[in-house]
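The values are calculated or read from the model by the stated rules, or taken from the named source; none is laboratory data. Keep in mind that what you see is a predicted model, and the values were worked out from it rather than measured. Don't worry about glycine lacking a Cβ; one is built from the backbone with ideal geometry, like all the others, and counts go over all protein chains shown.
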């Protein structure tokens with residue numbers, strides 16, 4: 001969808017992973033349009049720069065940064081509570097947060113970091129902000145992951161990859177879990193919120209700092225040759241926010257619709273993951289609210 005679409009009114013837009021790459025670009029663009037933008041991220045320096053850059057561009061609306069560790073269930077819940085307390089209505093939730101981890105990292109809550117950040121934070125934000133999204137007449141969630149990709153699987157007997165961790169394995173599992181998250185969310189009865197699974201393709205975006213130097217060089221060289229510019233990759237997201245699809249669930253892989261009959265979007269698997277996730281989250285207690293920048 002073209003980047004020329006303008007909304008009929010300002011939106012309240014929450015962006016996870018809003019201080020890097022596509023999330024950052026979307027935050028700045030929506031603020032320039034006059035939307036109220038709440039960006040979630042863990043790095044206070046990047047958060048300050050985002051807010052400052054929005055001001056320097058004379059954005060029609062200031063950007064708000066909430067510092068929170070989205071790999072922490074408790075911190076993500078607290079950020080949801082913070083947003084819900086101050087914004088009775090949210091029009092759009094855009095989910096970008098992800099980070100590569102060459103070695104397995106266990107969070108303080110005992111979760112594998114990629115699963116916690118790339119999947120669980122998105123599940124929590126989708127369901128946790130649902131009451132606010134339901135109050136909007138154009139409520140929409142855009143989950144930016146890898147829909148359309150059929151590689152990888154959910155490891156039902158080892159969700160935390162304690163027995164077989166690999167960076168690619170973890171990324172693919174979380175990607176497939178996000179596919180199923182969209183299916184399960186959209187299948188809820190009497191649900192006016194539209195869910196969009198969006199795969200932008202290889203984009204000049206993201207934080208490569210966790211990777212070894214040789215890998216960073218390779219990825220940057222490949223990006224110069226074949227990656228899409230960030231502005232091109234986020235252009236369809238403006239359309240999803242300004243004019244959400246009619247269908248409860250939409251899947252787009254590099255500008256092409258994905259058939260919802262794909263095995264990776266199986267409704268039975270979606271229900272199974274939803275049940276497993278709720279059981280997992282029920283065992284993790286909430287903590288205090290995140291620090292604000």
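Structure values in brief
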quantity: Matching entry among 59, 75 (being touching a helix residue (DSSP H, G or I) at 6+ places or on another chain (Cβ under 6 Å), in contact (Cβ under 8 Å) with a residue 12 or more places away in the chain and either surrounded by 15 or more Cβ atoms within 10 Å (Cβ to Cβ) or part of a helix (DSSP H, G or I) (or both)); calculated: 59
quantity: Number of the exception - residue 124 against (1) within 25 Å of residue 252 (Cα to Cα); (2) out of contact with any helix residue (DSSP H, G or I) (no Cβ under 6 Å at 6 or more places or on another chain); calculated: (2)
quantity: Single unsatisfied condition, residue 241 versus (1) within 20 Å of residue 128 (Cα to Cα); (2) over 18 Å from the mean Cα position of the chain (by Cα); (3) at pLDDT 95 or above; calculated: (2)
quantity: Residue list for the range 129-154, restricted to those being closer than 18 Å to residue 276 by Cβ and surrounded by fewer than 18 Cβ atoms within 10 Å (Cβ to Cβ); calculated: 153
quantity: Selection count, the range 148-183, where residues are in contact with a strand residue (DSSP E or B) (Cβ under 6 Å, 6 or more places away or on another chain), in a loop (DSSP other than H, G, I, E, B) and closer than 22 Å to residue 127 by Cβ; calculated: 1
quantity: Residue list for the range 119-131, restricted to those being part of a helix (DSSP H, G or I) and either farther than 15 Å from residue 81 by Cβ or touching a strand residue (DSSP E or B) at 6+ places or on another chain (Cβ under 8 Å) (or both); calculated: 119, 120, 121, 122, 123, 125, 126
quantity: Residues of the range 255-269 satisfying the condition of being within 21 Å of residue 174 (Cβ to Cβ), in contact with a helix residue (DSSP H, G or I) (Cβ under 9 Å, 6 or more places away or on another chain) and surrounded by fewer than 20 Cβ atoms within 10 Å (Cβ to Cβ); calculated: 260, 262, 263, 266, 267
